[in-house]
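Everything below concerns the one structure shown next.
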Amino acid sequence: MFDERFDTFLLLPFGDVEQFPRLAIEGEVLDQNEVKSSIRNHLGLNEPQEPVRDDKAAGIGELMVSVRTTFADDLSRKHLFRWHHMLMKGETRIAVGQWREGKNAMQIISGPIGRPRIHFEAMPTSQVPAEMTRFLKWFNDESHSSDYPALSYAPLRSALAHLYFETIHPFEDGNGRIGRAISEKALSQGFGRPVPMSLSQTIEANRKNYYRFLELAQTGSEVTEWVCFFAEMVLQAQENAETLVQLAISKNRYFQRFENSLNERQLKAVRRFYDAEPDGFEGGLSAKKYCAITGAYKATATRDLQHLLSIGALRQEGQGRSTRYWLP
C-alpha cells in the first residue's frame, strides 16, 4: 500500500495516472506502468531495475522524481537543461537541453489557415539567455527572502514564476510542463516539503480560462487577475489531491476487507467501479453493465450482485429495472 500511495503522490502534478490505463500529458500519450516503472527505478525501489521501453515515459518519471527530491535547491540553468533533457528524452526534431534557437519568432496561434489569431509572441531568441539569467536570480533571491512569510507568499511567488517563465518561453518545446514544475517547486519551498497536488490536472480542467488569463497578463502590465486565477487553481489542486488520497486509502481498505470474498468477475467489476472515481460510475452499476464488464450471463450477474450486496461490498438504490448498485 505504501508504494501505491507513494506513486500517487509522485504522479499528482502530471495528472492522476491511477485513473487511466494511459497517461496524456500535453498531447503525449504514455503508458502509466512505464511511467511508474521509471519512477521506481529512479527511487531505487526496483532491484533489478524494470525495463522502460518508452523514452518519453522514462523521462517523465525521471523528471517527477527530480522535481520532488530537489525542491529545496536553488534553480539554475544547468538544472533546467537537465529537466529538459529528461522531458525530451528520445526527441531529435528540436534542440534539447539548451535555450531555443532560430531567427523566427515563437508564436502561439489559433484559428483557420489564412486567418490566424496570434495569442502570444515570445521575445526574440537573442534575448533569452539574458532574460533567463534575470529570472533565475529573481527566483532564487525570492526563495531566500525574509520579507514575507514563506507559506502565505508561496502561491503568489508560484503564480509570478509561472508567468515570468512562460513569457520568456526559453525552450523550443516543453515550456508548459517545465513551467508547472517550477511553480510546484516554488510552492514546495514555501511549504518546506514536496507538495502532493496536481496543478497540471487542475489547469487542464480549466484550460480555456488558463490561456485567457495568461494571455491578458502577457500582453499588459496588470497581473492581478492572473494571480487570483492561479491561486484558485492551487486551492482546487489541493482539494483534488485530498480527494485522490482519500480515495486511495478507501480503495485499500475496501480490498483489505473484501478481496478474499470476491470471485474474479466481481473483482473485475469493482475495479472498474473504482477506476471511474472520483467522478463516479455514471448511472451506477446495473446488471446489464455488470454483464458487459465481466462477460457473465444475466443469471450469474444477478447472483454475483446479490452476493456483493449481502456482504456490504455494494449498496443498492431503486427496485426492479431501476435497480442500481454503488460502492459503499
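Just so you know, all these numbers are worked out from the coordinates, no wet-lab data involved. Predicted, not measured: the structure shown is a model, and the values here were computed from it. Glycine gets a Cβ as well: all are built from the backbone with ideal geometry, and neighbour counts include every protein chain shown.
Annotation for the range 216-255: GluC sites (Glu not before Pro) lying in DSSP loop with at most 16 further Cβ atoms inside 10 Å of their Cβ are 222.
In terms of overall dimensions, the range 262-326 has a Cα radius of gyration and Dmax of 10.7, 30 angstrom. Each Lys and Arg adds +1 at its Cβ and each Asp and Glu adds -1 at its Cβ; summed about the Cα centre, the range 208-328 shows a dipole of about 1060 debye. Of the peptides 318-325, 273-280, the order by per-residue mean of other Cβ atoms within 10 Å, starting with the highest, comes out as 273-280, 318-325. Projecting label points 7 angstrom from Cα along Cα→Cβ for residue 137 and residue 319 puts them 7.7 nm apart. Estimated from the Cβ-Cβ distance and a Förster radius of 30 angstrom, the FRET efficiency linking residue 245 and residue 272 is about 0.90.
Ordered from longest to shortest, the equivalent ellipsoid semi-axes for the range 174-328 are 43, 18, 12 Å, each the square root of 5 times a Cα gyration tensor eigenvalue.
Beyond 30 Å between alpha-carbons counts as too far, so tell me which of 89/137; 251/298; 89/185; 78/208; 208/289 fall in that bin. As for pairs spanning more than 30 Å Cα to Cα, those are 78/208; 208/289. Between the listed residues 313, 286, 276, the Cα displaced farthest toward the positive end of the dipole of the range 262-326, a dipole computed from Cβ unit charges relative to the Cα centre, is found at 286. With R₀ fixed at 56 Å, the C-beta to C-beta distance from residue 259 to residue 126 puts the FRET efficiency at about 0.35.
Taking the square roots of five times each eigenvalue of the Cα gyration tensor of the range 211-250, the equivalent ellipsoid has semi-axes of 31, 8, 4 Å, listed largest first.
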